[in-house]
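All of the numbers you see were taken from the coordinates with simple rules; none came from a lab. Note that the coordinates shown come from a computational prediction; the quantities given were computed from them, not determined experimentally. Reconstructed Cβ throughout: ideal geometry from the backbone, glycine too, with neighbour counts over all protein chains shown.
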């Protein structure tokens, strides 16, 4: 992540968490700042995808979805539903 416009950002973390980050960074042969940048990058990318999915769902929801009682099964599926209902 070589970005010449990167700027330092301060966050408050507990001493315990700082020690955990340090241990993990040492185990991965990385620096704590690298590990934190990587974690934040992965989190933001995942959440951006989740938000895009959420927005797509909202857009799709603008058309009225049928309620359970409004669903109409195709004839080829009705027989299977009745059989399953009778067996259960």
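Tabulated data
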quantity: Percentage of interatomic Cα-Cα distances in the range 12-64 larger than 19 Å; calculated: 49
quantity: Separation of the residue 30 and residue 59 label points, Cα + 7 Å toward Cβ, nm; calculated: 3.3
quantity: Separation in nanometres of the label points that stand 7 Å from Cα toward Cβ, at residue 10 and residue 49; calculated: 3.5
